[in-house]
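For reference, the structure is listed below as structure tokens.
Coordinate-derived values only; no laboratory data. Since the structure is predicted, the reported quantities are computational estimates derived from the model, not experimental observations. For neighbour counting, all protein chains shown are included, and Cβ atoms are generated from backbone atoms with ideal geometry for every residue, glycine included.
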Amino acid sequence: MSAKRIVMSSDHAAIELRQALAAHITSMGYEVDDIGPTTPESTHYPDHGANAARKVASGEADLGVILCGTGQGIMMAANKIPGIRCGVCSDAFSARMIRAHNNANILSLGARVVGEGLAIDIVEAYLNAEFEGGRHGTRVDMIMALED
Ligand code: RB5
């Protein structure tokens, strides 16, 4: 396991699922930094996506798992932070591939889209995958060059 530290955040729509996934990821042997929120008031997913993304971009966390109702808004916010490659997944195949081919450093999930069992499968597929490099490395470098 090369990545060890996982940062997690969500908006109000995904607190319960985030906490369940945090417990599961911890049980898989990772260090989880769950940066909340913990109370159910309506909140703003761009803040939570950016906060988790900054921890990954700075190297404080190796990878991130973030959630909102659909996973889409928080993904869009995270991808605005330089150095971040975040994808939304609702299936385990895509979750494996965003790591293996796209070297995604954050996984986003929609708590109103997937149930807990499927979310666990998706997170396991993402965390257990490894970036394949090679031609995929060339393409990931091309994505990152678009930031310049
Ligand atoms: C909040 O109601 C909802 O818009 C948010 O969780 C998310 O789905 C946005 O993309």
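A full extension of the chain between Asp141 and His44 corresponds to an added length of 31.8 nm, given 0.36 nm per residue minus the alpha carbon distance. With the charge dipole of segment 10-148 set up from +1 on Lys and Arg Cβ and -1 on Asp and Glu Cβ about the Cα centre, the Cα lying farthest toward the positive end among the listed residues Ser94, Gly64, Ser42 is that of Ser94.
A simple spin-label model places the labels of Asp91 and Gln72 1.8 nm from each other, with each point 7 Å out along Cα-to-Cβ.
Each Lys and Arg adds +1 at its Cβ and each Asp and Glu adds -1 at its Cβ; summed about the Cα centre, the chain shows a dipole of about 280 debye. Taking trypsin sites (Lys or Arg not before Pro) across segment 1-51, the ones in a DSSP loop with at most 11 further Cβ atoms lying within 10 angstrom of their Cβ are Lys4.
The local environment of Gly29, defined by Cβ-Cβ distances under 14 Å, has a net charge of -1 under the rule Lys, Arg +1 and Asp, Glu -1. Label sites at Asn79 and Glu132, each approximated as a point 7 angstrom past Cα along Cα to Cβ, lie 2.1 nm apart.
Extents of segment 1-108, largest first, come to 36, 30, 28 Å (Cα atoms, principal axes, whole angstrom). Counting every alpha-carbon pair across segment 33-73, the share separated by more than 11 Å comes to 66%.
Every helix of 4 or more DSSP H residues in the chain counts as -39500 (n - 2.57), and over all residues that averages to -14000 deg cm²/dmol at 222 nm.
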